[in-house]
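The values are calculated or read from the model by the stated rules, or taken from the named source; none is laboratory data. Since the structure is predicted, the reported quantities are computational estimates derived from the model, not experimental observations. As a convention, Cβ positions derive from the backbone with ideal geometry for all residues, glycine included, and neighbour counts pool all protein chains shown. The area values use the complete protein model at the heavy-atom level, side chains included, leaving out ligands, DNA and RNA. Shrake-Rupley method; radii C 1.70, N 1.55, O 1.52, S 1.80 Å.
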Amino acid sequence: MREEGKITIFLLDDHEIVRRGVHELLSGEPDLAVVGEAGTVAEALARIPGAHPDVALLDLRLPDGSGVEVCREVRAHHPEVRCLMLSSFADDTALIDAIMAGAYGYVLKDIGSDELLAAVRDVAAGRSLLDPAATARMLERVRAGAGAGLGTGTGSGMGAGTGTGAARLGDDLSADLTDQERRILVLIGEGLTNRAIGERLHLAEKTIKNYVSGVLAKLGMERRSQAAAYVARFQAHTQTAPQGPSQAPAEARKTQPQKH
C-alpha cells in the first residue's frame, strides 16, 4: 500500500493501547501514514510484505519472539524497509543485536512525541540514529577498550590484546586501518557526527567524511551503524574472553603486523 508523497509506516507492538497512541500521533502528521499494524512476530512477518512500508516501527519484546527477529527477516527479504526499534528497556545486548540485524535506530518508549516523529523521518531518509541514553553504557565500554589497541595506536588492530578473539570478529577486519582511522572508528562507535569528530580531532568535516568512507571501505561495510556495532562487539568480547595477564597480548603481537 502506498500513500503518495507520504512516509509509510508499519507498527508492531503487542499492546493495543500503545499502538493506538502511536498510530494517532503518526497519522496526525501530513507527511506520515500508517499502512499496517501487528501485535506479534508472526503477524508482522505475514503483513509487512504486503504493506510495503518505508519504515517498520518494531517493539523489542513480543509474546512470540523479538522485534530483532522481525528486523532481521525484513532486512533480509525486503531491504528497502528501514527498521526502527522501540523498547521500554535500555538493554545493551538488545541494542547490539538490533544494530547487527540491520536496524537504523533504537529508541526508548519514554521518548518525546516530537523526538519520535523526528526519528521516524530520519530513518525514512536513510539516516542511522542511536538513542543516547540506551547506548551510553555500551559506549563507555568501547571507550574503556581503546587502550587495548583500538584507537591509541599502541596495539595492532582491534584484535590486539584479545588472543584468539580477533578471528571471531572477522579475522581482525581493522588490521589494515591506520592509527588515525582507528581513532575515527572509536568515535563512530560513540555515535559522533562527522562534524563532532572533526572538532574532537581538529580536522575539517570534509576530511573526516573522507576518512569515514575509507574506514567503511576497509571494513567492507556500508553504514556507520555497522561500524559502531563492530566496535561494540569487539569490546564485548574483550570483556568476556579468558586470558592471562600478559600471554595473550604477546601472542597477538606475534601473529599480527604493526600498522604505522
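Calculate the FRET efficiency for Arg20 and Glu199 from the Cβ-Cβ distance with a Förster distance of 30 Å, rounded to the nearest 0.05.
Once the sixth-power term is evaluated, E becomes 0.10.
If you stretched the chain out fully between Arg47 and Lys109, how much longer would it get, using 0.36 nm times the residue separation minus the C-alpha to C-alpha distance?
20.0 nm
Determine the gain in length on full extension of the stretch Arg121-Gln180; use 0.36 nm per residue of separation and subtract their C-alpha separation, reporting nm with one decimal.
The Arg121-Gln180 span can extend by a further 18.0 nm.
Using only the heavy atoms of the protein chains and a 1.4 Å probe, how would Tyr104, Tyr211 rank by accessible area, largest first?
Largest accessible area first, the residues go Tyr211, Tyr104.
Can you give me the Cα centroid spacing of region 102-117 and region 68-85 in angstrom?
16 Å
Taking the C-alpha atoms of region 27-112, how large are the radius of gyration and the largest Cα-Cα span, Dmax, in Å?
In Å, with Rg to one decimal and Dmax whole: 12.3, 36.
Of His202, His78, which has the most accessible area and how do the rest follow, probe 1.4 Å?
The ordering from most to least exposed comes out as His202, His78.
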